[in-house]
Amino acid sequence: MMSRLKPILILQTGDAPQDVIAANGNYDTMFLQATGLGAGQVRIVHLPGGERPDAPQAYSGVLITGSAAMVTERLAWSEFAAAWLRQAMDAEIPIFGVCYGHQLLAHALGGEVDYLADGMEVGTQPIELLPAAANDPLIGQLPERFPANLIHSQTVVTPPRGATVLARSARDPHQILRYRHNVVTTQFHPEFSAAVMHDFLSGMTVQDPERGPELALIGRELSDTPDSEALMAAFVRQCLQAV
């Protein structure tokens, strides 16, 4: 029955580093694994590569990946995606954004994105739900505190008007944003396992050997994050059940 539904759109906003791809697949592969979706149930659109989605009404839901790009660069493909996402919001299409996707949707709807004041937030970090999450149909299923894997230099500094903040970390007060009953975004990566994070840190150490001791310490504290990892799969189930 699911094969007759409109596909889920994966808006791919970038590529993982080559060593991460070699061991774990690219962002689209990670999203498929995290959601349990099969290739026949999705359409993958690689925005930086020049691909463009159809009209939002062609899809039963939208997932937005992370990226090494920065929303503040205002790249042409990113600004196109921001305008497209505004159309998707107007059409009431379900949306789940991750990291860059979290920031991109906030930017698209009038929020402010900029660099974290004290540098990159990276590693397995505790996420704390806020009172507004208690009755949320998706986020309310999570524990009040749970671990999640993060790697980001930019953040949503000011959420758009109408967004509800559902969770925070020690360094980022806007870890989960809810816009509508069918639109939610996370700054953390639900699709990242400890193995994926380890490969990211290994690449960062090669690029910046002076940070080696710091990154090694972060690496010893990495863990899988089953609560956060279940989020996109739960979103997709809600999305498909609503069709």
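The values are calculated or read from the model by the stated rules, or taken from the named source; none is laboratory data. The shown structure was predicted, so the numbers you read here are calculated from the model rather than taken from an experiment. All Cβ positions, even for glycine, are placed from backbone atoms using ideal geometry, and neighbour counts span all protein chains on display. In case anyone asks, the SASA skips ligands and DNA or RNA and just uses the protein heavy atoms, side chains included. Shrake-Rupley method; radii C 1.70, N 1.55, O 1.52, S 1.80 Å.
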Considering only residues of region 99-128 that are within 22 Å of Phe200 (Cα to Cα) and of a type in the set (Val, Ile, Thr), which is surrounded by the most Cβ atoms within 10 Å (Cβ to Cβ)? Ile127
If only one of Asp15, Asp28 is in contact with a helix residue (DSSP H, G or I) (Cβ under 8 Å, 6 or more places away or on another chain), surrounded by 16 or more Cβ atoms within 10 Å (Cβ to Cβ) and among the charged types (D, E, K, R), which one is it? Asp15
What residue, among those in region 56-98 that are over 15 Å from the mean Cα position of the chain (by Cα) and closer than 18 Å to Leu37 by Cβ, is most open to solvent (accessible area, probe 1.4 Å)? Ala58
For Asp224, which of the numbered conditions (1) closer than 23 Å to Asn24 by Cα; (2) over 17 Å from the mean Cα position of the chain (by Cα); (3) open to solvent by 60 Å² or more (accessible area, probe 1.4 Å) fails to hold? (2)
Against the condition open to solvent by 30 Å² or more (accessible area, probe 1.4 Å) and of a type outside the set (Gly, Ala, Ser), how does Pro131 come out, does it pass? yes
Pairing a residue in region 81-97 that is over 22 Å from Ala234 (Cβ atoms) with any residue that is in a strand (DSSP E or B), where Cβ atoms lie under 9 Å and the two sit 6 or more apart in sequence or on different chains, gives Ala81/Leu11; Ala81/Ile64; Trp84/Leu11
Got at least one residue in region 26-36 being acidic (Asp, Glu) and within 15 Å of Cys239 (Cβ to Cβ)? no
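Got a number for residues in region 208-243 being under 25 Å from Lys6 (Cβ atoms), free of Cβ contacts under 8 Å to residues at least 40 places away in the same chain and not charged (D, E, K, R)?
Within region 208-243, residues that are under 25 Å from Lys6 (Cβ atoms), free of Cβ contacts under 8 Å to residues at least 40 places away in the same chain and not charged (D, E, K, R) number 1.
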Of the residues in region 134-153, those that are buried (at least 20 other Cβ atoms within 10 Å of the Cβ) and among the polar types (S, T, N, Q) come to Asn149
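Among the residues of region 1-12 satisfying the criterion of being in contact (Cβ under 8 Å) with a residue 60 or more places away in the chain and surrounded by 15 or more Cβ atoms within 10 Å (Cβ to Cβ), which is nearest to the chain's Cα centre (by Cα)? Quick ask: steps written out before the conclusion?
Of region 1-12, the ones in contact (Cβ under 8 Å) with a residue 60 or more places away in the chain are 2, 5-6, 8, 11.
Subsequent filtering for residues that are surrounded by 15 or more Cβ atoms within 10 Å (Cβ to Cβ) retains 6, 8, 11.
On the way: Lys6: 22, Ile8: 15, Leu11: 11 Å.
If we take residues in region 1-12 being in contact (Cβ under 8 Å) with a residue 60 or more places away in the chain and surrounded by 15 or more Cβ atoms within 10 Å (Cβ to Cβ), then Leu11 is nearest to the chain's Cα centre (by Cα).
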Residues in region 146-168: is at least one β-branched (Val, Ile, Thr) and closer than 18 Å to Cys239 by Cα? no
Out of all the residues in region 39-50, is one or more surrounded by 16 or more Cβ atoms within 10 Å (Cβ to Cβ) and in contact (Cβ under 8 Å) with a residue 60 or more places away in the chain? no
Search region 128-149 for residues that are touching a residue at least 24 places away in the same chain (Cβ under 8 Å) and more than 24 Å from Gly66 (Cβ to Cβ) and pair each with any residue that is open to solvent by less than 20 Å² (accessible area, probe 1.4 Å) and among the hydrophobic types (A, V, I, L, M, F, W, C) when their beta-carbon atoms are under 8 Å apart and the residues are at least 6 apart or on different chains. Ala132/Leu166
